[in-house]
1. Of the accessible area of the chain, with the probe set at 1.4 angstrom, what percent is carbon plus sulfur?
2. Roughly how many nanometres apart are two label points built 7 Å out from the Cα toward the Cβ at Ser41 and Asp95?
3. Assign unit charges at the C-beta atoms only (+1 for Lys and Arg, -1 for Asp and Glu), then state the dipole size of the chain relative to its Cα centre in Debye, rounded to the nearest 20.
4. Give me the 1.4 Å probe accessible area per residue for the stretch 18-140, excluding ligands and nucleic acids, in Å².
5. Using amide H atoms built 1.01 Å from N in the peptide plane, name the residues 5+ places from Asn100, or on other chains, whose amide H lies under 5 Å from its own.
6. For the cross-link pairs Lys5/Lys138; Lys10/Lys124; Lys114/Lys137; Lys5/Lys58, which exceed 28 Å when the distance is taken from alpha carbon to alpha carbon?
7. May I ask which residue of Pro99, Ser134, Val112 lies farthest towards the positive end of the charge dipole of the stretch 87-140, with charges of +1 (Lys, Arg) and -1 (Asp, Glu) on Cβ and the Cα centre as origin?
8. Cross-link partners among aspartates and glutamates for Lys66, C-alpha distance below 12 Å, same-chain residues fewer than 8 apart left out?
Amino acid sequence: MEILKSCLDKDGCLGVVRSADGDIKEFHRRGVIDLFELVTSSPEFLKGAIMADKVIGKGAALLLVKVGVSEVYARLISTPALSVLRNADVKVTFDMEVPNISNRTGDGICPVEKLTSCTDSPEKAYMLIKAFISEMKKNR
């Protein structure tokens, strides 16, 4: 995990995941888009994987549970995300816990955190996030 944590110090690296086979993928875009795309395209890559991320909210936590990630480190984690991971028996360590992840302007709750607040189902969260991302792409 220490090697993955050190990747977070690299310029532009927001998250990193190592598969059970030892392959590594880095995330460079804000939010859950990189994780969502990996969950969608290569769920087998994430089965038994370990992940380090700068920020993990409930939506990301539910995606990680959906694909069977075994261990997670977060510099910042929301209380709902921590609960999701612990309830799924995912080993989790973190630097700071907050009640909720803030949105990018800092004046409210992260939209994905808010969106997934109504569910503890990884499948439902996946569908909610999929619709959210689709809508965001449409509005660009």
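1. Details: 3840 of 7500 Å².
Taking all protein chains in place, the chain shows 51 percent carbon and sulfur surface.
2. Each label point lies 7 Å from its Cα, and together they span 2.9 nm.
3. Details: 20 positive and 19 negative charges, 90 e Å.
My answer is approximately 440 debye.
4. Numbers: 6620 Å² over 123 residues.
It amounts to 54 Å² per residue over the stretch 18-140.
5. Thr79
6. Working: Lys5/Lys138 34 Å; Lys10/Lys124 33 Å; Lys114/Lys137 19 Å; Lys5/Lys58 20 Å.
Checking Cα-Cα distances, Lys5/Lys138; Lys10/Lys124 exceed 28 Å.
7. In the stretch 87-140, that residue is Ser134.
8. Counting by Cα, and skipping residues close in sequence, Lys66 has these aspartates and glutamates nearby: Glu44, Asp120, Glu123.
The values are calculated or read from the model by the stated rules, or taken from the named source; none is laboratory data. From a predicted model like this one, the values you see are computed outputs, not experimental measurements. Note that each Cβ is placed from the backbone with ideal geometry, even for glycine, and that neighbours are counted across all protein chains shown. The protein model used for the area step is the full one, side chains on, heavy atoms only, and it has no ligands, DNA or RNA in it. Shrake-Rupley method; radii C 1.70, N 1.55, O 1.52, S 1.80 Å.
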